[in-house]
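**Student:** Attaching a single structure in structure tokens format; questions to follow.
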Amino acid sequence: MALIAFEKVDLSLGGRSILTDIDVSIQKGEFLSVVGPSGCGKTSLLNLAAGLLMPSAGRVTYAGKEVTGPRQDIAIVFQDYGKALLPWRTASGNIALALEAMNYPKDLRETRIAELLDLIGLSEHAEKFPNQLSGGMQQRLQIARCLAQDPAVLLMDEPFGALDAMTRQTLQDEVLAIAARTGATVLFITHDLEEAIYLGDRVIAMRPNPGRFEVSFKIDLPRPRDQLTTRERPEFLKLRRELFDVIKEVEH
Ligand SMILES: Nc1ncnc2c1ncn2[C@@H]1O[C@H](COP(=O)(O)OP(=O)(O)O)[C@@H](O)[C@H]1O
Ligand SMILES: [Mg+2]
């Protein structure tokens, strides 16, 4: 059964059609990548899945029930990590916030925070404030805060867009490892075609004005993925070429 389903969804904002005829089922445990040019409605799509926006027509369901608002088991990683973290709370404090919000047992919080900091490799920076951490570290911290929620679903909106290439690859592999370990379902938005293929079980390319789905590619690359060997495979290169051609076409 689909965990998240969009059924003939239209979205209008301020009298303008933003998304039209969005129809997709995301299976439990699936990693779905969505690519498309800027302004084609990717963030709006994610906000619909998150229950932060409601469709103008059609419906969005979660485990078969209509989505009516945000839920604790769906976590969102925003593009702008700067805005997602509280500057007056330390790394530990930012993770604690998520645990407080879900009423995590007080006496177990410290242990859980330590576990999460270890997972994202920030144990030694527990008492630092966001502005004392590099961009990559802040983004890892945002991811840890989402994981503190122990989410069934991770919605990620161009999460690595602002990071350097090496940090980006490290975090891609961390997200894959986390998804594999927890069985989380992931909706991953990116404008990086290679990233979309590298991570996904499926890649959907969007067309703008109004935003709609253009084409869907199934990604049969073996897992676990590897930054060198996966990207060198002939299927990877073929998919990259096909996706590149689609995006080039929809941008014109
Ligand atoms: N609250 C809003 N009211 C009116 N238009 C909006 C609103 N939010 C986004 N839009 C418009 O919807 C379109 C899609 O935006 P968005 O989902 O952010 O696209 P993307 O993430 O692909 O860049 C853009 O043209 C944007 O200007
Ligand atoms: Mg966006």
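**Student:** Taking the simple approach of a point 7 Å from Cα along Cα-to-Cβ for both ARG231 and GLU249, what is their distance in nm?
**Tutor:** A separation of 2.7 nm, rounded to one decimal place.
**Student:** Stretch PHE129-ALA162 to full length: gain in nm at 0.36 nm per residue minus the Cα-Cα span?
**Tutor:** 9.9 nm
**Student:** Using the Cα centre of the chain as the reference point, and only Cβ charges (+1 on K/R, -1 on D/E), how large is the resulting charge dipole? Debye, rounded to the nearest 20.
**Tutor:** 320
**Student:** For Cα pairs less than 8 Å apart in space and 6+ apart in sequence, what is the mean separation divided by the residue count of the chain, i.e. the relative contact order in percent?
**Tutor:** Reported relative contact order: 26 percent.
**Student:** Between 0 and 90 degrees, rounded to the nearest ten: what's the tilt of helix 234-250 against the longest Cα principal axis of the chain?
**Tutor:** Approximately 70 degrees, to the nearest ten.
**Student:** If all Cα-Cα distances of the stretch 84-150 are sorted into 10 Å bins from 0 onward, what percent lands in each bin, rounded to whole numbers?
**Tutor:** Taking all Cα pairs of the stretch 84-150, the binned fractions are 24, 61, 15, 0 percent.
**Student:** In whole Å, what three semi-axes, largest first, describe the equivalent ellipsoid of the stretch 160-252 built from its Cα gyration tensor (square root of 5 times each eigenvalue)?
**Tutor:** 22, 15, 14
**Student:** What full-extension length gain, to one decimal in nm, is calculated for ASP220 and LYS83 as 0.36 nm per residue of separation minus the Cα-Cα distance?
**Tutor:** Length difference between fully extended and current span is 45.8 nm.
**Student:** Treating the Cα atoms of the chain as identical point scatterers in vacuum, please give the log10 of the normalised Debye intensity I(q)/I(0) at q = 0.09, 0.10, 0.13, 0.15 Å⁻¹, two decimals.
**Tutor:** -0.40, -0.49, -0.83, -1.09
**Student:** In whole angstrom, note down how far apart the Cα centers of the stretch 64-112 and the stretch 189-205 are.
**Tutor:** What the calculation gives is 26 Å, centre to centre.
**Student:** Would you please give the residues with an amide H less than 5 Å from that of VAL67, counting only those at least 5 places away or on a separate chain, with H modeled from the backbone geometry?
**Tutor:** Counting only residues 5 or more places away or on other chains, the set is VAL60, THR61, TYR62.
Only the coordinates and a few stated rules stand behind these numbers; no lab work does. On a predicted model such as this, the values are computed, not experimentally measured, just so you know. All Cβ positions, even for glycine, are placed from backbone atoms using ideal geometry, and neighbour counts span all protein chains on display.
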